[in-house]
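The values are calculated or read from the model by the stated rules, or taken from the named source; none is laboratory data. Given the structure is predicted, the values throughout are model-derived calculations rather than measurements. Here Cβ is always computed from backbone atoms with ideal geometry, including for glycine, and neighbour counts include all displayed protein chains. Heavy atoms of the whole protein, side chains included, go into the accessibility calculation; ligands, DNA and RNA do not. Shrake-Rupley method; radii C 1.70, N 1.55, O 1.52, S 1.80 Å.
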Amino acid sequence: MSARVLRNATLALGFAFLYGPIAILTAMSFNASRLVTVWGGFSTKWYSALVHDERMLQAATISLSAAALSALIATFNGLLAALALARFGAFRGRSLFAGSLYAPLVLPEVVFGLGLLLVFVALDVERGFVTLVLAHAAFTMCFATVMIHAALKDCDPTLEEAAADLGATPLRAFILVTLPLIAPSVVSAYLLAFTLSLDDFVIASFTTGPGATTLPMRIYSQVRLGVSPEVNAISTLLLGFVALILTASALLTRGRAKGGGAG
């Protein structure tokens, strides 16, 4: 019994350490007082104040737009890369191709962002919204590739061969047979890429420019001047939005796993 109590206590302390600050941030976003260290009663006025904060709304719009576009590019490229790894066998340069795809998984974001910055400078590309989208697409593509590649490995290739025997072209067989089977993983990959782009701060700091300030960068610039309840409010909304996306991704992945088990 003592070992069980100790294990539960350790687990509770771990969860408190991880999620305690998030709970405090969420609670203080409903604080009526401007002082974040003094509770002045329950209020939602800081959420109302966000509606009139044009700079914060503009940053949120830029972040959402960049995340949506970069996730779309990353998912499409990740699908092609996963298809090459899963269906084309041991082609020449496969190891180098796979290594370059998975490098961002272990590469520090500072190094990755600096490398992209040097590329944009060498190509004389003006930094802004376009470079932000390209940078996030390059960063999140590896995560999308991993998820889609795992789904393709579990997909029976003989189904495509059967479709080919019935007269379907390889492209048509893939679109009509394989793509519907891996669709939950493709959607999950898009949601994961969207979340990573929306949450990124380091790479965006290197690759964006004037007029394309993301929401994490805006929050950081305001926190440097002091934490305000309005920052707590936008952070709480961002946490809730990301939690919804991750929940949807988990449900899609679970549905695919159940479907595969039933089959």
(request) Would you mind telling me which numbered condition in (1) in the same structural domain as Val146 (by TED's automatic domain parsing); (2) farther than 20 Å from Ala135 by Cα; (3) among the polar types (S, T, N, Q) Ser33 fails? (result) (1)
(message) Checking Phe88 against (1) at pLDDT 90 or above; (2) surrounded by fewer than 11 Cβ atoms within 10 Å (Cβ to Cβ): exactly one of these is not met. Which one?
(response) (1)
(request) Would you tally the residues in the stretch 150-164 being open to solvent by 100 Å² or more (accessible area, probe 1.4 Å), over 29 Å from the mean Cα position of the chain (by Cα) and modelled with pLDDT of 80 or more? (result) 0
(request) Take the stretch 16-44 and flag every residue that is open to solvent by 100 Å² or more (accessible area, probe 1.4 Å), more than 18 Å from Gly240 (Cα to Cα) and modelled with pLDDT under 85. (result) Arg34, Leu35, Thr37, Trp39, Phe42
(request) Filter the stretch 196-221 for residues that are crowded, with 21+ Cβ neighbours inside 10 Å, part of a helix (DSSP H, G or I) and among the hydroxyl-bearing types (Ser, Thr, Tyr) and give the result. (result) Ser197, Thr207
(message) Looking at the structure I just gave you, is Ala150 under 19 Å from Ala71 (Cα atoms), touching a residue at least 60 places away in the same chain (Cβ under 8 Å) and assigned by TED's automatic domain parsing to the domain that holds Ser100?
(response) no
(request) Return the only residue of Leu96, Leu72, Leu13 being out of contact with any strand residue (DSSP E or B) (no Cβ under 6 Å at 6 or more places or on another chain), open to solvent by 30 Å² or more (accessible area, probe 1.4 Å), in contact (Cβ under 8 Å) with a residue 24 or more places away in the chain and assigned to a helix (DSSP H, G or I). (result) Leu72
(request) Check Ser63 against each of (1) in contact with a Leu (Cβ under 6 Å, 6 or more places away or on another chain); (2) hydroxyl-bearing (Ser, Thr, Tyr); (3) not in a helix (DSSP H, G or I) and name the one condition it does not meet. (result) (3)
(message) Out of everything in the stretch 165-195 that is out of contact with any Leu (no Cβ under 9 Å at 6 or more places or on another chain) and in a loop (DSSP other than H, G, I, E, B), what residue ends up being surrounded by the most Cβ atoms within 10 Å (Cβ to Cβ)?
(response) Thr169
